[in-house]
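*Asks:* Take a look at the following structure, please.
The values are calculated or read from the model by the stated rules, or taken from the named source; none is laboratory data. Predicted model, so just to flag it, every value in this text is computed and none were measured. Cβ placement follows ideal geometry from the backbone for every residue including glycine, while neighbour counts extend to all protein chains displayed.
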Amino acid sequence: MKESFNLDSRLNLCASFVRNGVKVADIGTDHAYLPVWLCKKGIAISALACDIGQEPLQNGIKTIKKYHAENMVETRLCNGLERINDDEAQDIIIAGMGGETIAEIINGWPYAKNKEKHFILQPMTRSNELVEFLYKNGFEIIKQSCCKERKIYTVMLVKYSGNIENISKEFTYIGKLSPKKNALDREFLKMEIRNLENKSKGNEKYKIVAENLKKEL
Ligand SMILES: C[S@@+](CC[C@H](N)C(=O)[O-])C[C@H]1O[C@@H](n2cnc3c(N)ncnc32)[C@H](O)[C@@H]1O
């Protein structure tokens, strides 16, 4: 009987931000690796593995069966968090989607503005748009790290603070990373600068942000 498995470094970094003894919801779960792993390791007491697609959810059901996690992990077909009640999830993971989609999902959930909830967010693209949304809506990044798995990824732990903060364009790219101290954070920022420089060809405003970010390396 297969009891557990290893996560790749991206999902492992997401898992490391989850609190002990909480109910988890993994939104856009696909294979349900994270919820199954978190329950099998005894980190989560229960988990909802949620996806908008039937096919990804079928992949999730296979993982749940393979590791005998049926009593701990429930699958749910839903768009974002729309069918998740307040008392069903304390730590919410949204990984492997664009930053703008993650922002929409948080925005659409009536229970998101609760200081007890933790959001573990891993945007694949447009993380700057996600950070902008978060600070405009009273959320803050508690901590942020990067990992490498072929490509470099960032993961942030976010919660509601109630403070609407005016943040700089540069902050939307750096967030709580420490590019001067940490090599992976630096690599992530260099990638963001390259993307900005590519976009900046016809646009002076991107160029200025890219130049300012270079001073943070
Ligand atoms: C690239 S996979 C990521 C799987 C896993 N979270 C990971 O990070 O490895 C993205 C998944 O998100 C799902 N998805 C996209 N938009 C969604 C939404 N609005 N609500 C729920 N699931 C969504 C897709 O069906 C897909 O299974």
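*Asks:* Go through (1) basic (Lys, Arg); (2) farther than 18 Å from Glu3 by Cα; (3) more than 18 Å from the chain's Cα centre (by Cα) and name the single condition Lys23 misses.
*Replies:* (3)
*Asks:* Another question, then. When region 105-134 is examined, which residues are found to be part of a helix (DSSP H, G or I), surrounded by 20 or more Cβ atoms within 10 Å (Cβ to Cβ) and not aliphatic (A, V, I, L, M)?
*Replies:* Within region 105-134, Ser127, Asn128 meet the criteria.
*Asks:* Another question, if that's okay. Would you mind stating whether Lys62 is over 17 Å from the mean Cα position of the chain (by Cα) and over 17 Å from Cys39 (Cα atoms)?
*Replies:* No; evaluated as a whole, the condition is false for this residue.
*Asks:* Taking region 66-80, which residues are of a type in the set (Lys, Arg) and more than 10 Å from the ligand (Cβ to nearest atom)?
*Replies:* Listed by number, the list holds a single entry, Lys66.
*Asks:* Need pairs with beta-carbon distance below 8 Å; first residue free of Cβ contacts under 8 Å to residues at least 60 places away in the same chain and within region 53-82, second aromatic (Phe, Trp, Tyr) and near the ligand (Cβ under 9 Å from one of its atoms); sequence gap 6+ or separate chains.
*Replies:* Thr63/Tyr33
*Asks:* Restricting attention to region 30-61, which residues are within 13 Å of the ligand (Cβ to nearest atom), touching a Lys or Arg at 6+ places or on another chain (Cβ under 9 Å) and closer than 25 Å to Asp86 by Cβ?
*Replies:* Residues satisfying the conditions are Ala32, Val36, Ala47, Leu48, Ala49, Cys50, Asp51, Leu57.
*Asks:* Quick one: how many residues across region 86-103 are of a type in the set (Val, Ile, Thr) and more than 8 Å from the ligand (Cβ to nearest atom)?
*Replies:* Counting residues in region 86-103 that are of a type in the set (Val, Ile, Thr) and more than 8 Å from the ligand (Cβ to nearest atom) gives 2.
*Asks:* Go through (1) surrounded by 14 or more Cβ atoms within 10 Å (Cβ to Cβ); (2) in contact (Cβ under 8 Å) with a residue 60 or more places away in the chain one by one and return the number of the condition Glu149 breaks.
*Replies:* Answer for Glu149: the failing condition is (1).
*Asks:* Also: Sort out which residues of region 14-29 are of a type outside the set (Gly, Ala, Ser) and either outside the structural domain of Gly42 (by TED's automatic domain parsing) or buried (at least 22 other Cβ atoms within 10 Å of the Cβ) (or both), and write them in order of number.
*Replies:* Result: Cys14, Val18, Val24, Asp26, Ile27, Thr29.
*Asks:* Among (1) touching a Gly at 6+ places or on another chain (Cβ under 7 Å); (2) more than 21 Å from Met156 (Cα to Cα), there is one condition Ala49 misses while meeting the rest; what is its number?
*Replies:* For Ala49, the exception is condition (2).
*Asks:* Answer with yes or no whether Arg83 is under 28 Å from Glu129 (Cα atoms), modelled with pLDDT under 95 and either more than 16 Å from the chain's Cα centre (by Cα) or near the ligand (Cβ under 9 Å from one of its atoms) (or both).
*Replies:* Yes, satisfied.
*Asks:* Let me ask something else. Can you tell which of Lys199, Lys190, Lys181 is of a type in the set (Lys, Arg) and either in contact (Cβ under 8 Å) with a residue 24 or more places away in the chain or assigned by TED's automatic domain parsing to the domain that holds Glu82 (or both)?
*Replies:* Checking each option against the conditions leaves just Lys190.
*Asks:* Does at least one position in region 87-95 carry a residue that is closer than 20 Å to Gln144 by Cα, without any contact (Cβ under 8 Å) to a residue 40 or more places away in the chain, in the same structural domain as Lys148 (by TED's automatic domain parsing) and out of contact with any helix residue (DSSP H, G or I) (no Cβ under 6 Å at 6 or more places or on another chain)?
*Replies:* no
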